[in-house]
Amino acid sequence: MGINRSFFFDHLSDALYRKGLSQAQVNGHEAVLDYWEAHHAHEDDRWLAYSLATAFHETGRTLLPVVENLNYTAERLLVVFPSRFTPEEARRYARRPERIANRVYGGRLGNGPEASGDGWRYRGRGLVQITGRSNYGKFGLAGEPDRALEPRTAVRILVEGMIAGRYTGKSLASYFHGDEADWVNARKIINALDRASDIADYARSYYASISYTVGAQAA
(Lines give C-alpha, C1' and ligand atoms only; values in the text may rest on other atoms or scores of the structure.)
Protein backbone atom coordinates (compact mmCIF):
# COMPACT_ATOMS: atom_id res chain seq x y z
CA MET A 1 0.00 0.00 0.00
CA GLY A 2 1.34 3.41 -0.96
CA ILE A 3 0.25 6.91 -0.13
CA ASN A 4 -2.38 8.07 -2.58
CA ARG A 5 -0.51 10.97 -4.13
CA SER A 6 -3.48 12.33 -6.07
CA PHE A 7 -5.57 12.58 -2.90
CA PHE A 8 -2.60 14.00 -1.00
CA PHE A 9 -1.97 16.86 -3.40
CA ASP A 10 -5.65 17.60 -3.99
CA HIS A 11 -6.18 17.97 -0.26
CA LEU A 12 -3.08 20.12 0.16
CA SER A 13 -4.28 22.44 -2.59
CA ASP A 14 -7.48 22.98 -0.66
CA ALA A 15 -5.89 23.27 2.78
CA LEU A 16 -2.47 24.89 2.46
CA TYR A 17 -1.81 25.85 -1.17
CA ARG A 18 -4.92 27.68 -2.31
CA LYS A 19 -3.12 29.01 -5.39
CA GLY A 20 -1.82 25.57 -6.25
CA LEU A 21 1.60 23.97 -5.93
CA SER A 22 4.49 24.69 -8.25
CA GLN A 23 6.32 21.73 -9.76
CA ALA A 24 9.22 22.45 -7.41
CA GLN A 25 6.88 22.26 -4.41
CA VAL A 26 5.43 18.99 -5.71
CA ASN A 27 8.93 17.61 -6.13
CA GLY A 28 9.84 18.63 -2.60
CA HIS A 29 6.84 16.84 -1.15
CA GLU A 30 7.44 13.80 -3.32
CA ALA A 31 10.99 13.51 -2.01
CA VAL A 32 9.72 13.34 1.59
CA LEU A 33 6.95 10.87 0.74
CA ASP A 34 9.34 8.66 -1.23
CA TYR A 35 11.82 8.56 1.64
CA TRP A 36 9.09 7.82 4.17
CA GLU A 37 7.65 4.96 2.13
CA ALA A 38 11.10 3.48 1.58
CA HIS A 39 12.27 3.66 5.20
CA HIS A 40 9.39 4.29 7.62
CA ALA A 41 6.13 3.18 6.02
CA HIS A 42 5.32 1.10 9.11
CA GLU A 43 5.60 4.09 11.48
CA ASP A 44 2.91 6.47 12.74
CA ASP A 45 1.48 8.67 9.97
CA ARG A 46 1.38 11.55 12.46
CA TRP A 47 5.19 11.46 12.43
CA LEU A 48 5.15 12.01 8.68
CA ALA A 49 2.55 14.77 8.97
CA TYR A 50 4.51 16.65 11.60
CA SER A 51 7.77 16.27 9.67
CA LEU A 52 6.12 17.72 6.57
CA ALA A 53 4.61 20.58 8.57
CA THR A 54 8.02 21.40 10.03
CA ALA A 55 9.61 21.53 6.58
CA PHE A 56 6.65 23.57 5.29
CA HIS A 57 7.29 26.16 7.99
CA GLU A 58 11.09 26.14 7.98
CA THR A 59 11.40 26.52 4.20
CA GLY A 60 8.70 29.14 3.71
CA ARG A 61 6.31 26.61 2.12
CA THR A 62 8.73 25.58 -0.63
CA LEU A 63 9.68 22.13 0.75
CA LEU A 64 13.12 22.77 -0.77
CA PRO A 65 16.36 22.94 1.22
CA VAL A 66 17.36 26.47 2.19
CA VAL A 67 20.44 28.13 3.66
CA GLU A 68 20.22 30.42 6.66
CA ASN A 69 19.79 34.11 5.85
CA LEU A 70 22.10 36.12 8.09
CA ASN A 71 21.87 39.42 6.25
CA TYR A 72 20.70 41.36 9.32
CA THR A 73 20.48 45.08 9.91
CA ALA A 74 22.06 46.50 13.04
CA GLU A 75 18.65 46.92 14.62
CA ARG A 76 17.69 43.33 13.90
CA LEU A 77 20.98 41.96 15.25
CA LEU A 78 20.22 43.54 18.61
CA VAL A 79 16.81 41.85 18.64
CA VAL A 80 17.83 38.39 17.44
CA PHE A 81 21.23 38.18 19.17
CA PRO A 82 21.04 40.66 22.06
CA SER A 83 23.83 38.99 24.05
CA ARG A 84 26.24 38.86 21.12
CA PHE A 85 26.46 42.51 20.06
CA THR A 86 26.71 45.93 21.58
CA PRO A 87 25.02 48.69 19.56
CA GLU A 88 28.41 49.72 18.16
CA GLU A 89 29.31 46.15 17.22
CA ALA A 90 25.92 45.67 15.58
CA ARG A 91 26.61 48.65 13.33
CA ARG A 92 29.98 47.19 12.33
CA TYR A 93 28.63 43.71 11.61
CA ALA A 94 25.36 44.75 9.96
CA ARG A 95 24.66 43.36 6.46
CA ARG A 96 27.83 41.23 6.59
CA PRO A 97 26.42 37.67 6.77
CA GLU A 98 29.72 35.81 6.97
CA ARG A 99 31.05 37.96 9.80
CA ILE A 100 27.71 37.69 11.60
CA ALA A 101 27.70 33.89 11.36
CA ASN A 102 31.25 33.64 12.66
CA ARG A 103 30.41 35.91 15.56
CA VAL A 104 27.14 34.33 16.70
CA TYR A 105 28.10 30.69 16.14
CA GLY A 106 31.82 30.85 16.89
CA GLY A 107 32.98 29.04 20.01
CA ARG A 108 29.84 26.95 20.44
CA LEU A 109 27.94 24.07 18.85
CA GLY A 110 31.28 22.36 18.33
CA ASN A 111 32.64 25.28 16.31
CA GLY A 112 36.06 26.84 16.68
CA PRO A 113 36.38 30.52 17.69
CA GLU A 114 35.11 33.37 15.57
CA ALA A 115 38.35 33.61 13.59
CA SER A 116 38.13 29.92 12.56
CA GLY A 117 35.31 30.59 10.11
CA ASP A 118 33.33 27.63 11.46
CA GLY A 119 30.31 29.80 12.20
CA TRP A 120 29.88 30.51 8.51
CA ARG A 121 30.99 27.04 7.39
CA TYR A 122 28.40 25.40 9.64
CA ARG A 123 25.56 27.89 9.38
CA GLY A 124 22.01 26.58 9.03
CA ARG A 125 21.10 24.52 5.98
CA GLY A 126 18.40 22.06 4.93
CA LEU A 127 14.68 21.45 5.29
CA VAL A 128 15.05 21.93 9.02
CA GLN A 129 18.23 23.86 9.53
CA ILE A 130 21.11 22.18 11.28
CA THR A 131 23.72 24.55 12.72
CA GLY A 132 27.18 23.98 14.14
CA ARG A 133 29.94 21.45 13.52
CA SER A 134 28.68 19.05 16.21
CA ASN A 135 25.18 18.93 14.69
CA TYR A 136 26.52 18.39 11.18
CA GLY A 137 28.64 15.62 12.64
CA LYS A 138 25.53 13.83 13.93
CA PHE A 139 24.56 13.26 10.30
CA GLY A 140 28.05 12.51 8.99
CA LEU A 141 28.38 15.89 7.27
CA ALA A 142 31.09 17.66 9.27
CA GLY A 143 33.44 17.33 6.31
CA GLU A 144 30.83 18.22 3.69
CA PRO A 145 28.31 20.69 5.18
CA ASP A 146 26.95 21.78 1.80
CA ARG A 147 25.54 18.29 1.31
CA ALA A 148 22.76 19.33 3.69
CA LEU A 149 21.34 21.25 0.71
CA GLU A 150 21.08 18.12 -1.45
CA PRO A 151 17.38 17.14 -1.54
CA ARG A 152 17.86 13.48 -0.56
CA THR A 153 20.27 14.33 2.21
CA ALA A 154 18.03 17.13 3.48
CA VAL A 155 15.08 14.75 3.67
CA ARG A 156 17.14 12.17 5.56
CA ILE A 157 18.25 14.81 8.06
CA LEU A 158 14.68 16.03 8.53
CA VAL A 159 13.06 12.64 9.06
CA GLU A 160 15.80 10.76 10.91
CA GLY A 161 16.65 13.74 13.08
CA MET A 162 13.05 14.16 14.25
CA ILE A 163 12.58 10.43 14.83
CA ALA A 164 15.83 10.07 16.78
CA GLY A 165 15.49 13.35 18.72
CA ARG A 166 18.80 14.69 17.45
CA TYR A 167 17.83 18.37 17.63
CA THR A 168 16.70 18.93 21.21
CA GLY A 169 16.49 15.44 22.67
CA LYS A 170 12.73 15.36 22.03
CA SER A 171 11.54 12.94 19.35
CA LEU A 172 8.36 12.39 17.38
CA ALA A 173 7.54 9.43 19.62
CA SER A 174 7.62 11.82 22.60
CA TYR A 175 4.45 13.48 21.32
CA PHE A 176 2.77 10.95 19.03
CA HIS A 177 2.22 7.44 20.37
CA GLY A 178 -0.86 5.31 20.83
CA ASP A 179 -3.80 7.60 21.48
CA GLU A 180 -1.49 10.48 22.42
CA ALA A 181 -1.14 13.34 19.92
CA ASP A 182 0.29 16.62 21.18
CA TRP A 183 0.45 18.67 17.99
CA VAL A 184 1.41 21.92 19.74
CA ASN A 185 4.16 20.80 22.11
CA ALA A 186 5.72 18.70 19.34
CA ARG A 187 7.42 21.94 18.28
CA LYS A 188 9.90 21.22 21.09
CA ILE A 189 11.42 18.58 18.81
CA ILE A 190 13.07 21.45 16.93
CA ASN A 191 13.26 24.34 19.40
CA ALA A 192 11.00 26.30 21.74
CA LEU A 193 7.32 26.93 21.09
CA ASP A 194 7.65 29.69 18.49
CA ARG A 195 4.78 29.44 15.98
CA ALA A 196 3.82 26.14 17.64
CA SER A 197 0.08 26.59 17.11
CA ASP A 198 0.52 27.48 13.43
CA ILE A 199 2.72 24.46 12.81
CA ALA A 200 0.23 22.26 14.65
CA ASP A 201 -2.47 23.43 12.23
CA TYR A 202 -0.23 22.69 9.25
CA ALA A 203 0.47 19.23 10.63
CA ARG A 204 -3.21 18.44 11.06
CA SER A 205 -3.78 19.45 7.45
CA TYR A 206 -0.98 17.15 6.32
CA TYR A 207 -2.36 14.32 8.43
CA ALA A 208 -5.76 14.73 6.79
CA SER A 209 -4.04 14.55 3.40
CA ILE A 210 -2.56 11.09 3.99
CA SER A 211 -4.59 8.29 2.48
CA TYR A 212 -3.55 4.96 1.00
CA THR A 213 -4.09 3.05 -2.18
CA VAL A 214 -2.48 0.06 -3.87
CA GLY A 215 0.69 1.51 -5.37
CA ALA A 216 1.66 5.14 -5.00
CA GLN A 217 0.03 7.37 -7.59
CA ALA A 218 1.77 10.19 -9.37
CA ALA A 219 0.67 13.71 -8.52
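The values are calculated or read from the model by the stated rules, or taken from the named source; none is laboratory data. This one's a predicted model, so the numbers in the text were calculated from it and none came from an experiment. Methodologically, a virtual Cβ is constructed for each residue, glycine included, from the backbone with ideal geometry; neighbour enumeration extends over all protein chains shown. Surface accessibility is based on the protein's heavy atoms, side chains included, excluding ligands, DNA and RNA. Shrake-Rupley method; radii C 1.70, N 1.55, O 1.52, S 1.80 Å.
If the chain linking S211 and R152 were pulled fully straight, counting 0.36 nm for each residue of separation and taking away their Cα-Cα distance, it would gain 18.9 nm. Simple point charges give the picture: +1 on the Cβ of Lys and Arg, -1 on the Cβ of Asp and Glu, and for the range 66-219 a dipole about the Cα centre of about 500 debye. Counting every pair of alpha carbons in the range 1-87, the share spaced more than 16 Å apart comes to 62 percent.
Split the accessible area of the chain by element, probe 1.4 Å, and carbon with sulfur accounts for 48%. Just so you know, the averaged projected area of the alpha carbon convex hull for the chain sits at 12.4 nm².
Accessible surface calculations at 1.4 Å, restricted to protein heavy atoms, place the range 121-219 at 45 Å² per residue. Its relative contact order, with pairs defined as Cα atoms under 8 Å and 6+ residues apart, puts the chain at 30 percent.
Database remark: amide H of I130 closer than 5 angstrom to the amide H of R125 (H placed geometrically; neighbours at sequence offset of 5 or more, or on other chains; Pro and chain starts carry no H).
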